[in-house]
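One structure is given here, and the rest of the page talks about it.
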Amino acid sequence: MTANSSAFESPTTKTFTQFSQRADYSLMDSLQADPQATGDGHDHLPRQVLSGHYVPVTPTPITAPEYISHSQTLFDELGLSHELALDEEFRRLFSGDITVAQEPMRQIGWATGYALSIYGTEYIQQCPFGTGNGYGDGRAISVFEGLFNGRRWEMQLKGGGPTPYCRGADGRAVLRSSVREFLAQDYMQALGVPTSRSLTLYVSQSETVRRPWYTQNSQSIDPDILIDNPTAITTRVAPSFLRVGQLELFARRARSNAHQEALKELQMIVKHLIKRNYQQEIDPSLSFSDQIVNLAYLFRGRLTSLVANWMRVGYCQGNFNSDNCAAGGFTLDYGPFGFCELFDPKFQPWTGGGDHFSFFNQPVAAEANYQMFWAAIRPLLNDNTQALARLDQIRDGFAEAMSQEINAMWTKKLGLITYDSTMVNELLQLMVLSKVDYTIFFRKLSNIPDKLTDLEESFYLPKSGQVETQWNTWLQRWRNHIMSCGDPRVTSAAMKQINPKYTWREWLIAPAYKKAEQGDYSLIKELQAVFSNPYDKQSSDMETKYDRLKPNEFFNAGGVSHYSCSS
């Protein structure tokens, strides 16, 4: 499951001028702009956006931007010279100064609106106008779309200043959240989990914003102090940033006949989604109805696989609403996310999330989002009863498809040949009883141990008599299965490509962004190196530092074990 780096080509883009030549703006060229938008992109105040697929808007540069880091993996994949990250014009563009854009680039970016559904219930309360027409990219501004080595990528600034969807906020991102997103995207890519990608990270040397956060050693649930944070911009990259919530927005307008073009705009954005994210899999010669049905089937497959991968590596999205669900089927929006350390099916690091968005509830949240996706594209098939029936059948099969993906994940994670529900469920119960570390436990299990003591270093609780007996019984049964199914050395090697050795531990991330606030970026670079090879053995120093149980002082610690979305 490690990222494939062997296909990277030698750098072909060495200068900013060469980078500019890659520009190709399919979204702005094929979709409709908000007709009420300004021509110059100076459209930064909250307002209702009643139609159109995007708002042309210029980002607001951070002042005195300083380079922190870039993703070497993605630069290699795109064929970009690493020196570009230090190029003056490149730095200015990806810290918000779009005036440096050279033709065929455009000196204007774009932001998009979307709707919000939580667990299948439509909401408009988050819109300041109470209509749903003011909800969307409040601080995410796309500034580039282009072709690299035959693939299309969109580049979006996180923290690029206010847009019409900013709801009165400042449109900025703080260094803390920017570091987290920058590192997490690279880490997920290395884990083999579909994700948006990181390009660059720049910080302002002079601009700060006030945000609520936690005092040192606080155990408060909610932030208990206001602090000044350096502003930063991280650029995230994806084939597109189309969300389920975007399709929902246009479907809602079509259902209510909000304007004459409403149904057409829905049709246009669905066609654009197919072209941007499913072009290799959906035959363009098919009728549009057949393309929609294929889209529904393919998205179901991507979404169920994605969530199974999240659970495989211990990832919890934290706030898996429809607006945080990429219609391309990859991980999007690294805000209130976390990785499970002490195993708890109800793990949820975000204080605003609740059990419904917890670790083991993610398949249910995914089904709710798929329900909204299905409802959004259904109006496009109203005149085709046969296609509607096929679409509904795909929707009705979501739970079974999700179950199959989860079962297959546990089968591989445990090195089994076929899924064994009793073995899996008994193991999960024992993991809860012994309070195991999710990542350390499965990595040690990957060694095919023959005694319980080989697993105990992953336990937060010491073993007790009855539980020890249950563990020994389970371990013997599992080993017998492994030994009867082929060479255990082959099984062990396969398990180690499924179960990472290094995971995201918030208590090791916090020092990195705290040091970065003082201008020391060494820990960020160190974490990049560790996360780039999460399945492999690393130096003894790195293992001692990063492959260990969570210390007691970090349990229930505000900003580490739990945190708000103050970013």
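With distances taken between every two different alpha-carbon atoms, region 506-567 has a Kirkwood hydrodynamic radius of 13.1 Å. Considering only Pro284, Ile377, Met409, and ranking their Cα positions along the charge dipole of region 253-409 that arises from unit charges at the beta-carbon of Lys, Arg, Asp and Glu, the one farthest toward the positive end is Pro284.
Note on region 16-242: percent of Cα-Cα distances in each 5 Å bin, starting at 0 and stopping at the bin with the largest distance, equals 1, 7, 13, 18, 19, 17, 13, 7, 3, 1, 0.
In a fully extended conformation the segment linking Ser540 and Gln32 would gain 177.3 nm over its present Cα-Cα distance, using 0.36 nm per residue. Per-residue Karplus couplings for region 101-107, computed as 6.51 cos²θ - 1.76 cosθ + 1.60 with θ equal to phi - 60°, are listed in order as 4, 10, 4, x, 5, 10, 8 Hz, Gly and Pro entered as x.
Treat every Asp and Glu Cβ in region 184-248 as -1 and every Lys and Arg Cβ as +1, leave all other atoms uncharged, and give the resulting dipole magnitude about the Cα centre to the nearest 20 debye.
Dipole magnitude for region 184-248 comes out near 220 debye.
Shape analysis of region 416-495 based on the Cα gyration tensor places the equivalent ellipsoid semi-axes at 20, 14, 11 Å, largest first.
The HN-Hα couplings worked out from phi for region 324-330 by the Karplus form 6.51 cos²θ - 1.76 cosθ + 1.60 (θ = phi - 60°) are 9, 10, 5, 5, x, x, 10 Hz, whole numbers, x standing for Gly and Pro. Exposure proxy ranking for Val432, Val209, Val490, based on other Cβ atoms within 10 angstrom of each Cβ and starting from the fewest, stands as Val490, Val432, Val209. As a proxy for reagent exposure, ranking Glu145, Glu517, Glu154, Glu281 by other Cβ atoms within 10 Å from fewest up yields Glu281, Glu517, Glu154, Glu145. Annotation: amide H-H contacts under 5 Å for Ile225 (H modelled 1.01 Å from N, sequence separation of 5 or more, or interchain): Trp213, Thr215. Bridging of Lys501 to aspartates and glutamates at a Cα separation below 15 Å is possible for Glu341, Asp437, Glu457, Asp536, Asp541, Glu543, Asp547, once same-chain residues fewer than 8 apart are set aside. Taken over region 354-431, the percentage of Cα pairs per 10 Å bin, counting from 0 up to the bin with the maximum distance, is 15, 35, 28, 16, 6, 0. Amide H to amide H, with H built 1.01 Å from N, Gly338 comes under 5 Å of Cys316, counting only residues 5 or more places away or on other chains. Working note: Cα gyration tensor of region 253-409, eigenvalues times five, square-rooted, sorted largest first, giving semi-axes of 30, 17, 13 Å. Net charge of the neighbourhood of Phe398, taken over other residues with C-beta under 10 Å away and scored Lys/Arg +1, Asp/Glu -1, is -1.
Computed from backbone phi, the HN-Hα couplings of region 378-394 come to 4, x, 6, 10, 4, 9, 10, 5, 5, 5, 4, 4, 5, 4, 5, 5, 5 Hz, rounded to whole numbers (Karplus: 6.51 cos²θ - 1.76 cosθ + 1.60, θ = phi - 60°; Gly and Pro given as x). Excluding same-chain neighbours fewer than eight residues apart, the lysines reachable from Lys346 by a Cα-Cα span under 22 Å are Lys413, Lys435, Lys550.
Between the C-alpha center of region 343-417 and that of region 100-144 there is a gap of 25 Å.
Our estimate of slack between Ser421 and Ser220, defined as 0.36 nm per intervening residue step minus the Cα-Cα distance, is 68.5 nm.
Within the straight-line cut-off of under 17 Å between alpha carbons, the lysines reachable from Lys451 are Lys463, sequence neighbours fewer than 8 places apart in one chain being disregarded.
At R0 = 41 Å, how high is the FRET efficiency between Ala493 and Gln518 if r is their beta carbon distance? Nearest 0.05 is fine.
0.45
Think of it as helices only: each DSSP H run of n ≥ 4 in the chain is worth -39500 (n - 2.57), and spread over all residues that comes to -12000 deg cm²/dmol at 222 nm.
Computed from the mean reciprocal separation of all distinct C-alpha pairs, what Kirkwood hydrodynamic radius does the chain have, in Å? Intermediate values should be presented prior to the final figure.
Working: mean 1/r = 0.0405 Å⁻¹.
Every distinct Cα pair counted, the radius reaches 24.7 Å.
With 0.36 nm allotted per residue and the present C-alpha distance subtracted, the Thr131-Leu86 stretch has 11.8 nm of extension available. Its Cα centre serving as origin, region 16-242 has a Cβ charge dipole (Lys and Arg +1, Asp and Glu -1) of approximately 400 debye. For region 429-452, the residues whose backbone nitrogen is under 14 Å from a point 7 Å from the Cα of Thr473, taken along Cα to Cβ, are 429-430.
For the chain, the residue among Leu452, Leu295, Ile509 whose Cα projects farthest onto the positive side of the dipole built from Cβ charges is Leu452. What is the helix-to-structure angle for 465-483, meaning the angle in degrees between its Cα long axis and the longest Cα principal axis of the chain, kept from 0 to 90 and rounded to the nearest 10? Once rounded, one gets 80 degrees.
Given +1 at the Cβ of Lys and Arg, -1 at the Cβ of Asp and Glu and no other charges, the dipole of region 358-433 around its Cα centre is 160 debye to the nearest 20. Angle of helix 421-434 to the longest C-alpha principal axis of the chain, folded into 0 to 90 degrees and rounded to 10: 80°. Counting beta carbons within 10 Å around each of Thr544, Thr304 and listing the fewest first gives the order Thr544, Thr304. Between the alpha-carbon centres of region 229-259 and region 27-66 there is a gap of 13 Å.
Distances between placed amide hydrogens fall under 5 Å for Phe144 paired with Met155, all partners being 5 or more residues away or on another chain.
Each value in this text was obtained by applying a stated rule to the coordinates, not by laboratory testing. Source: prediction; values computed, not measured. As a convention, Cβ positions derive from the backbone with ideal geometry for all residues, glycine included, and neighbour counts pool all protein chains shown.
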